[in-house]
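Engineer: Quick one: this structure, given as structure tokens, is what I'll be asking you about.
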Amino acid sequence: MTLFYSHEPVRPGSPAGGPKDPLRQSLFSRPPHTRIEVDLSAIARNIQVLKRHCRPGAKLMAVVKANAYGHGAVHVANTALAGGADFLGVARMSEAVQLLDSGIRAPMLIFGDVWPQQAVQGQAHGIRITLTSLASARAVSAAAFSHDCTVTAHIKIDTGMGRLGLCAGVNMEQTMADLEAMMQLENLAIEGIYTHFANADAIDKTHTKRQLALFSQVLDRLAEKSLVPEIVHAANSAATLEIPESHFTMVRPGIALYGLCPGPGVNCTDLTPALSILSRIIQVKQVPKGFAVSYGSTHVTDRATTIATIPVGYADGYSRLFSAKAHMLVKGNRAKVAGRVCMDFTMIDVGHITDVRLGDEVVILGSRGSDTISADELAKLAHTINYEIVAGLTSRMPVFYRKAHGHDT
Ligand SMILES: *Cc1c(COP(=O)(O)O)cnc(C)c1O
């Protein structure tokens, strides 16, 4: 196992200006107490699991939006590409630029909004954009014409997500007319067409089958005119794992790359979670019965006990909704959060654990011994989904990477 640090940019002119500055060096002299650890070997394994599920010949787009769901976009993207991913999927142009800055050269698709100017600038770097209407396609076409270039795009069809794209379910004739008009625009290369499922992770696949049927209808109508683009895609993680007939010529898994399960209707037994959150106890104290802990004094000890302070708070992405509910692992035991989670700190009751000391490791998310604090467990406490637990981690927590073999990605 090697452990390496994803270096933060050095801001010139700041007191800790150069990389050799002793203050700055002290930041990197050893791993900080509070950190995210990402096991890149787990991500590599998950890619292979997804590839095994893929229809033969289908491409794989690794979705690395939102800093790879909090896992660090650059290292995840490199791991995915080394494992055979063909495409990278992001939500914003800024995310594509971050990948380019790191030296990654792979086809990238932006799911979200892009100005025509950005589309033009991106095309030279392998960036594909999403077109969601005839009007936006015309604007991109005009910008590309004036720059004498061709922008590569994928057209989005809304088949029941109600978010983005030509609404095939509302007006099929209009959708087909707009599609044909988009494909005839100058300086646009329509490489792909796609849709997105709203409920593929549910046990009941009725809505997904309906979306699939509508998408297939659009594709059939295009096929009659030999207008089907080269890349046809629909499957998110849930559909990649559960609905082979949705794979078409490419799949777009996100959450499953990270080893997390999209929802109750998906068999995720082969996936390995990649992310842990670790910290250390920075203060430990014996307190009497009746001792009040944290803001609002909502927690008052009902016995003499031991309270430990952990330097992680909601500004790190550790939700305030975990107050008085979540557990952390200390020396293989569960310790419950005492009182409210603060911005920078959280207290836990460790009175039932023997010999807890200053500096002891705390597992906030992840496994130690036979116990695990999963993203799903934390998600339930905050009435959300595992996606938000990891994507909500903030840049204040540095990400460290673990890898089975020593070579750098
Ligand atoms: C986020 C996203 C995905 C990946 O979804 P998962 O459920 O994480 O697999 C795929 N396609 C689009 C358009 C997305 O926005």
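The values are calculated or read from the model by the stated rules, or taken from the named source; none is laboratory data. Note that the coordinates shown come from a computational prediction; the quantities given were computed from them, not determined experimentally. Because the Cβ atoms are built from the backbone with ideal geometry, glycine has one as well, and the counts that use them run over all protein chains shown.
Engineer: Across region 242-253, which residue is farthest from residue 80 (Cα to Cα) among those that are within 11 Å of the ligand (Cβ to nearest atom) and touching a helix residue (DSSP H, G or I) at 6+ places or on another chain (Cβ under 7 Å)?
Structural biologist: In this case the residue turns out to be 251.
Engineer: If residue 306 satisfies all but one of (1) surrounded by fewer than 18 Cβ atoms within 10 Å (Cβ to Cβ); (2) of a type in the set (Ser, Thr, Tyr); (3) out of contact with any Ser or Thr (no Cβ under 9 Å at 6 or more places or on another chain); (4) assigned by TED's automatic domain parsing to the domain that holds residue 367, what's the number of the condition it fails?
Structural biologist: All conditions are met except number (1).
Engineer: Does region 306-317 contain any residue that is in contact (Cβ under 8 Å) with a residue 24 or more places away in the chain and more than 28 Å from residue 71 (Cβ to Cβ)?
Structural biologist: For region 306-317, residues in contact (Cβ under 8 Å) with a residue 24 or more places away in the chain and more than 28 Å from residue 71 (Cβ to Cβ): present.
Engineer: Regarding region 205-228, can at least one residue be identified that is more than 15 Å from the ligand (Cβ to nearest atom), in contact with a Gly (Cβ under 9 Å, 6 or more places away or on another chain) and within 23 Å of residue 110 (Cα to Cα)?
Structural biologist: The answer is no; no qualifying residue exists.
Engineer: State whether one or more residues within region 185-208 are among the hydroxyl-bearing types (Ser, Thr, Tyr), surrounded by fewer than 18 Cβ atoms within 10 Å (Cβ to Cβ), at pLDDT 95 or above and closer than 22 Å to residue 253 by Cα.
Structural biologist: Yes: region 185-208 contains one or more residues that are among the hydroxyl-bearing types (Ser, Thr, Tyr), surrounded by fewer than 18 Cβ atoms within 10 Å (Cβ to Cβ), at pLDDT 95 or above and closer than 22 Å to residue 253 by Cα.
Engineer: Which one of these is under 14 Å from residue 277 (Cα atoms), assigned to a loop (DSSP other than H, G, I, E, B) and among the basic types (Lys, Arg): 357, 303, 340, 396?
Structural biologist: Unique residue meeting the criteria: 396.
Engineer: Test each condition in (1) within 16 Å of the ligand (Cβ to nearest atom); (2) touching a helix residue (DSSP H, G or I) at 6+ places or on another chain (Cβ under 6 Å); (3) of a type outside the set (Ser, Thr, Tyr) for residue 341 and report the one that comes out false.
Structural biologist: Every condition holds for residue 341 apart from (1).
Engineer: If the requirement is being outside any helix (DSSP H, G or I), within 13 Å of the ligand (Cβ to nearest atom) and either outside the structural domain of residue 193 (by TED's automatic domain parsing) or not basic (Lys, Arg) (or both), which of these qualifies: 234, 256, 239?
Structural biologist: Answer to the selection: 234.
Engineer: Scan region 377-403 residue by residue and report those that are surrounded by fewer than 16 Cβ atoms within 10 Å (Cβ to Cβ) and more than 13 Å from residue 328 (Cα to Cα).
Structural biologist: Matches in region 377-403: 380, 383, 384, 394, 395, 396.
Engineer: Can you name the residue in region 213-231 that is in a helix (DSSP H, G or I) and without any contact (Cβ under 8 Å) to a residue 40 or more places away in the chain and is also farthest from the chain's Cα centre (by Cα) among such residues?
Structural biologist: Per the stated criteria, the residue is 224.
Engineer: Given (1) within 16 Å of the ligand (Cβ to nearest atom); (2) out of contact with any strand residue (DSSP E or B) (no Cβ under 9 Å at 6 or more places or on another chain); (3) in contact (Cβ under 8 Å) with a residue 12 or more places away in the chain, where does residue 24 come up short, assuming only one miss?
Structural biologist: (1)
Engineer: Does residue 52 satisfy the condition of being basic (Lys, Arg) and either part of a helix (DSSP H, G or I) or buried (at least 17 other Cβ atoms within 10 Å of the Cβ) (or both)?
Structural biologist: So residue 52 passes the test.
Engineer: Checking the condition more than 30 Å from residue 99 (Cβ to Cβ) and surrounded by 15 or more Cβ atoms within 10 Å (Cβ to Cβ), which residue from 339, 366 passes?
Structural biologist: 339
Residue by residue, here is whether (1) more than 15 Å from the ligand (Cβ to nearest atom); (2) crowded, with 22+ Cβ neighbours inside 10 Å; (3) under 28 Å from residue 239 (Cα atoms) holds:
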| position | (1), (2), (3) |
| --- | --- |
| 66 | no, no, yes |
| 74 | yes, no, yes |
| 77 | no, yes, yes |
| 102 | yes, no, no |
| 108 | no, yes, yes |
| 114 | no, yes, yes |
| 118 | yes, no, no |
| 159 | no, yes, yes |
| 164 | no, no, yes |
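Engineer: From (1) part of a loop (DSSP other than H, G, I, E, B); (2) over 25 Å from residue 375 (Cα atoms), pick out the condition that doesn't hold for residue 285.
Structural biologist: (1)
Engineer: Let me ask something else. Consider residue 326 carefully, then state whether it is buried (at least 16 other Cβ atoms within 10 Å of the Cβ), assigned by TED's automatic domain parsing to the domain that holds residue 201 and either over 30 Å from residue 158 (Cα atoms) or within 16 Å of the ligand (Cβ to nearest atom) (or both).
Structural biologist: Against the criterion (buried (at least 16 other Cβ atoms within 10 Å of the Cβ), assigned by TED's automatic domain parsing to the domain that holds residue 201 and either over 30 Å from residue 158 (Cα atoms) or within 16 Å of the ligand (Cβ to nearest atom) (or both)), residue 326 does not qualify.
Engineer: Right, next: Go through region 181-199 and give me each residue that's part of a loop (DSSP other than H, G, I, E, B) and within 16 Å of the ligand (Cβ to nearest atom).
Structural biologist: 195, 196, 197, 198, 199
Engineer: Filter region 197-245 down to residues that are over 20 Å from residue 177 (Cα atoms) and aromatic (Phe, Trp, Tyr), then give me how many there are.
Structural biologist: Residues meeting the conditions: 1.
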